[in-house]
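Scroll down for the structure; my scribbles are underneath it.
The values are calculated or read from the model by the stated rules, or taken from the named source; none is laboratory data. No experiment lies behind these values; they were computed from the predicted model shown. Because the Cβ atoms are built from the backbone with ideal geometry, glycine has one as well, and the counts that use them run over all protein chains shown.
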Amino acid sequence: MDHADLVFTGGTVLTMDPARPRADALAVTGERITAVGRADAERLTGPGTEVVDLAGGALLPGFQDAHVHAVFGGLELNACDLTGTVDLAEYRRRIAAYAAAHPERAWITGGGWSMESFPGGLPTRQMLDEIVADRPVFLANRDHHGAWANTRALELAGITAATPDPADGRIEREPDGGPSGMLQEGATALVGRHAPQATQEELVAALLRAQQLLHSLGVTGWQDAILGEFGGHPDVSGAYLEAAGRGLLTARVNGALWWDRERGAEQIPELVERRARLRAGRFRAGTVKIMQDGIAENFTAAMSVPYTDGCGCSTANAGLSFVDPDALKGHVTALDALDFQVHFHALGDRAVREALDAVEAALAANGPRGNRHHLAHLQVVHPDDVPRFARLGAIANLQPLWAAHEPQMDELTIPFLGGDLAQWQYPFADLLRAGAELAAGSDWPVSSPVPLEGIHVAVNRVAPGEDLPPFLPHQRLAVDVALAAYTAGSAHVNGHDDTGTLRPGMLADLVVLDRDPAAVPPEEIAATRVGATYVAGGRVF
């Protein structure tokens, strides 16, 4: 009898297998799980077996992120980082310090600032000019749907009062019509395309930096939500291909090829070619990302009811549908027929409906093909559309960390949502009750990449460390459901079919936690720490 290479014992094994949710030991031989349960694991334990004592903690399938921008996150770790604070004075200090530390850089780039730090969510060019005036500064906000530029950056981009807004974005203006320094959605590309692009070497380094961080958080695989040039950002697919080809990519990654919303069906043959070419090691690109709308905070998320103004009166703006809804049906039908998975950015309830309509059209034309189309973000979902997810086989890709009271929600979103929209936000429990399959992701670097923080909010509807009322508490998820979304659910979305559950024969992608998150008080879930991460039986953290 062959002995196991690894045996985990001394704690709880959370399998995510409904047939056997919990066990007390697990054995790994080579890349795969060979036993679940103490009796079988002990039979496989030999003199060469490494026995890992869980010390009362828990063993789970590795977390998987169904919507992340890993390379961009890795780049930002090495750029002017404004994350982790909402204090304007701290932003000023960090920008000045970064500029002083990098006199060789022609541009100051980075980001992570929060809209809540500025009146109306709108910083100005003059604020940046006071810190850095001689070089262009271009800083993405936390959600990456907007950017803050100084006067020099706007001048280099040629943006003046006469510059029209792009169809998919908005230049915020001063009273005379000149640019104020805040660019929304597609308008960010007007400046972003002039900023220095990261080299291939820098992109690979950023990927490896991100991979190290994600492994330390228990993440063993992910779906990178944008592969392609957009908004002045580089195409990162070459970094994945190189890292995978050199054996440096230890995570399992599915990439989502960017759908250029300024083009139509003529780009589909290019997507087919890229899918065939972008495949090496643990990397593939079998998905197409369609961004159907924007975000609520800048009033570009597509809603069924117009936004209100600061006085509570209805406006003429109900947000943007970046792809014509009728054209979207044709595009998704064509992509589905070619066995692409479609990954929608759908944040407002009108965008959610348009995406579901497109999935329904594809299903009617092509029949069920099992392509696992999924809708990410789902901030507002009309109650009539909740049951459609299960009926159409569309997967709900949740970013749970956002479903909590915070200034961006309470000051920049809820007061401006018309009708009943504010009550339809992040309906996790309604989706579950209606039979929808749930997956989960972080959208890092938009928000924290820590899965246990997202699980904490999914269960509590309160951000970690905050003493605030729960946000729409009837939409809470049970902890086992939230854990399953971050493991089995995301593994299914990502197409990593022999991961996500702990059963004999499955790949040994595992995370060791210092406690069982299902056995602690819900308010302590985010305090759980990762002790080790394994991919295919090899320790990566």
TODO: Pull up segment 65-88, narrow it to residues that are part of a helix (DSSP H, G or I) and not small (G, A, S), then point me to the one that is farthest from the chain's Cα centre (by Cα).
DONE: L88
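Filter segment 409-423 down to residues that are in contact with a helix residue (DSSP H, G or I) (Cβ under 7 Å, 6 or more places away or on another chain) and under 23 Å from F344 (Cα atoms), then give me how many there are.
Of the residues in that region, 2 qualify.
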Task: Among (1) under 30 Å from L452 (Cβ atoms); (2) touching a strand residue (DSSP E or B) at 6+ places or on another chain (Cβ under 9 Å) - the single one E406 does not satisfy - done: (2)
Open item on the list: Take M127 and tell me if it is surrounded by fewer than 24 Cβ atoms within 10 Å (Cβ to Cβ) and over 22 Å from A198 (Cα atoms).
Closed with: yes
Open item on the list: For segment 369-401, give me each residue that is under 18 Å from the mean Cα position of the chain (by Cα) and over 21 Å from A482 (Cβ atoms).
Closed with: H373
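Quick grid of which residues meet (1) buried (at least 19 other Cβ atoms within 10 Å of the Cβ); (2) over 21 Å from E202 (Cα atoms); (3) among the charged types (D, E, K, R):
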{"residue": "A225", "(1), (2), (3)": "yes, no, no"}
{"residue": "G228", "(1), (2), (3)": "yes, no, no"}
{"residue": "G247", "(1), (2), (3)": "no, no, no"}
{"residue": "M291", "(1), (2), (3)": "yes, yes, no"}
{"residue": "S304", "(1), (2), (3)": "yes, yes, no"}
{"residue": "T315", "(1), (2), (3)": "no, yes, no"}
Open item on the list: Exactly one condition in (1) in contact with a Pro (Cβ under 9 Å, 6 or more places away or on another chain); (2) farther than 29 Å from A491 by Cα; (3) surrounded by fewer than 24 Cβ atoms within 10 Å (Cβ to Cβ) is false for Y91; which is it?
Closed with: (3)
Open item on the list: Condition first: at pLDDT 95 or above, among the acidic types (D, E) and outside any strand (DSSP E or B). Can you find one or more residues in segment 291-308 that meet it?
Closed with: yes
Open item on the list: Which residue is surrounded by the fewest Cβ atoms within 10 Å (Cβ to Cβ), if the candidates are limited to segment 331-379 and must be touching a His at 6+ places or on another chain (Cβ under 8 Å) and among the acidic types (D, E)?
Closed with: D336
- [ ] Quickly run through segment 403-417 and pick out the residues that are buried (at least 18 other Cβ atoms within 10 Å of the Cβ) and touching a Gly at 6+ places or on another chain (Cβ under 9 Å).
- [x] Q408, L412, F416
Open item on the list: All but one of (1) under 24 Å from V540 (Cβ atoms); (2) touching a Pro at 6+ places or on another chain (Cβ under 6 Å) hold for T220; state the number of the condition that does not hold.
Closed with: (2)
- [ ] Please note which strands (runs of 3 or more DSSP E) are completely contained in segment 1-57 and include at least 2 residues that are touching a helix residue (DSSP H, G or I) at 6+ places or on another chain (Cβ under 8 Å) and of a type in the set (A, V, I, L, M, F, W, C).
- [x] 6-14, 22-29
- [ ] Please give the number of the condition V462 fails out of (1) in contact with a strand residue (DSSP E or B) (Cβ under 8 Å, 6 or more places away or on another chain); (2) β-branched (V, I, T); (3) farther than 30 Å from L75 by Cβ.
- [x] (1)
Open item on the list: Based on this model, can you work out whether G255 counts as small (G, A, S), free of Cβ contacts under 8 Å to residues at least 40 places away in the same chain and at positive phi?
Closed with: no
Task: Answer residue from segment 37-56, given it is crowded, with 21+ Cβ neighbours inside 10 Å and in contact (Cβ under 8 Å) with a residue 60 or more places away in the chain and is farthest from V450 (Cα to Cα) among those - done: V52
TODO: Kindly provide the set of residues from segment 477-501 that are among the polar types (S, T, N, Q) and under 17 Å from A394 (Cα atoms), ordered by number.
DONE: S490, N494
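One line per residue, one yes/no per condition, for (1) of a type in the set (F, W, Y); (2) assigned by TED's automatic domain parsing to the domain that holds D143; (3) on the phi > 0 side of the Ramachandran plot:
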residue	(1), (2), (3)
V71	no, no, no
E76	no, no, no
L82	no, no, no
T85	no, no, no
L88	no, no, no
A96	no, no, no
A101	no, no, no
G110	no, yes, yes
S117	no, yes, no
TODO: Could you tell me which of the residues G465, G435, G505 is more than 18 Å from W222 (Cα to Cα) and modelled with pLDDT under 95?
DONE: G465
TODO: Return yes when Q267 is without any contact (Cβ under 8 Å) to a residue 24 or more places away in the chain, under 18 Å from A334 (Cβ atoms) and either in contact with a helix residue (DSSP H, G or I) (Cβ under 8 Å, 6 or more places away or on another chain) or polar (S, T, N, Q) (or both) and no when it is not.
DONE: yes
TODO: Could you please let me know if P269 is surrounded by fewer than 16 Cβ atoms within 10 Å (Cβ to Cβ) and in the same structural domain as S490 (by TED's automatic domain parsing)?
DONE: yes
Task: Boolean, P445 is assigned by TED's automatic domain parsing to the domain that holds V386, farther than 26 Å from L392 by Cα and not aliphatic (A, V, I, L, M) - done: yes
- [ ] From (1) assigned to a loop (DSSP other than H, G, I, E, B); (2) within 23 Å of the chain's Cα centre (by Cα); (3) farther than 16 Å from F344 by Cα, pick out the condition that doesn't hold for D430.
- [x] (1)
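Condition check ((1) touching an Asp or Glu at 6+ places or on another chain (Cβ under 7 Å); (2) over 19 Å from A434 (Cβ atoms); (3) among the polar types (S, T, N, Q)) across all residues:
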{"residue": "A346", "(1), (2), (3)": "yes, no, no"}
{"residue": "A365", "(1), (2), (3)": "no, yes, no"}
{"residue": "P368", "(1), (2), (3)": "no, no, no"}
{"residue": "R372", "(1), (2), (3)": "no, no, no"}
{"residue": "V381", "(1), (2), (3)": "yes, no, no"}
- [ ] Give V540, V512, V450 a once-over and let me know the one that is among the hydrophobic types (A, V, I, L, M, F, W, C) and within 20 Å of the chain's Cα centre (by Cα).
- [x] V450
